[in-house]
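One structure below.
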Amino acid sequence: DECATGNGGCAHFCAHTQTGHRCTCRRGFMLMADGHGCEGNDECATGNGGCAHFCAHTHTGHRCSCRRGFILMADGHGCEGEKLLNYECATNNGGCAQICNNVPGSYSCFCRHGFELMGDGHGCKGNDECATGNGGCAHFCAHTQSGHKCTCRRGFILKADGHGCECNDECATENGGCAHFCVHTQTGHRCNCRRGFILMADGHGC
């Protein structure tokens, strides 16, 4: 048995035969021209190793893997993903803090209005729109969970655009609640009384 001495000179396996012995190699290797040595056989070099997407050469042969959003099929070579379009978002919302949107082979995180995506691509943080240009508001800007809201100083009303303010003549409606005279001012209105009367504590009656 020539294999009994020094493994018959074989790098990997030695098989005793009727005519002597024969050397063979482990999976992922091929027999060299000298009939004894073994060298790595890159199975990925031929037909991508039969892999649908990626082929990785290993010491024991090769291993197939798939692009993001796809999973390896039971045969170890094919990839499936189209029917699992919502695969990543279906598990823990894809790691997204608010909105997870699947696209073929991948996914993206988005945030609701009033929030902006953080650097990690998953978290969301409140975006204080009032911090920049007062949110476009003429008078006051209030930061809210859904964005921001503009309001006006007393004596003004919010314009239809939701940002500007225009003078609100409170005296034009029911004399501003004044018993005698209503005086429109920049801050709202003021009640006055006719000569011989004094303004009551409520600021309206005489």
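The values are calculated or read from the model by the stated rules, or taken from the named source; none is laboratory data. The structure displayed is predicted, hence computed values, not measured ones. No Cβ is skipped: glycine too gets one built from the backbone with ideal geometry, and neighbour counts run over all protein chains shown.
The residue that is modelled with the lowest pLDDT, counting only those in the range 77-127 that are of a type in the set (A, V, I, L, M) and in a loop (DSSP other than H, G, I, E, B), is Leu85. Considering every residue within the range 189-205, establish whether at least one is outside any strand (DSSP E or B), modelled with pLDDT under 90 and surrounded by 15 or more Cβ atoms within 10 Å (Cβ to Cβ). Among the residues of the range 189-205, not one is outside any strand (DSSP E or B), modelled with pLDDT under 90 and surrounded by 15 or more Cβ atoms within 10 Å (Cβ to Cβ), which makes the answer no.
This table checks each residue for (1) touching a Leu at 6+ places or on another chain (Cβ under 7 Å); (2) part of a helix (DSSP H, G or I); (3) farther than 30 Å from Cys66 by Cα.
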position	(1), (2), (3)
Asn7	no, yes, yes
Ala11	no, no, yes
Ala15	no, no, yes
Arg22	no, no, yes
Arg26	no, no, no
Ala33	no, no, yes
Cys44	no, yes, no
Gly49	no, yes, no
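Checking each residue in the range 173-206 for being in contact with a Lys or Arg (Cβ under 6 Å, 6 or more places away or on another chain) and closer than 21 Å to Phe156 by Cβ picks out Val183, Thr187, Gly188. Within the range 141-164, being more than 30 Å from Cys111 (Cβ to Cβ) and assigned to a strand (DSSP E or B) holds for Phe156, Ile157.
In the range 128-141, of all residues being crowded, with 18+ Cβ neighbours inside 10 Å and not small (Gly, Ala, Ser), the one that is modelled with the lowest pLDDT corresponds to Glu129.
Among the residues of the range 57-71, is there at least one that is modelled with pLDDT under 75, under 25 Å from Asn102 (Cα atoms) and exposed (fewer than 15 other Cβ atoms within 10 Å of the Cβ)? Yes, that holds for at least one residue. Can you spot a residue in the range 177-195 that is of a type in the set (Gly, Ala, Ser) and in contact with a Phe, Trp or Tyr (Cβ under 7 Å, 6 or more places away or on another chain)? No; the residues of the range 177-195 include none that is of a type in the set (Gly, Ala, Ser) and in contact with a Phe, Trp or Tyr (Cβ under 7 Å, 6 or more places away or on another chain). Suppose we keep only residues that are closer than 18 Å to Gly188 by Cβ and modelled with pLDDT of 85 or more within the range 142-156. Which one would you say is surrounded by the most Cβ atoms within 10 Å (Cβ to Cβ)? Among those that are closer than 18 Å to Gly188 by Cβ and modelled with pLDDT of 85 or more, it is Cys152. For first residues located in the range 1-13 and without any contact (Cβ under 8 Å) to a residue 24 or more places away in the chain, partners that are basic (Lys, Arg) and lie 6+ apart or on another chain with Cβ distances below 8 Å form the pairs Phe13/Arg26.
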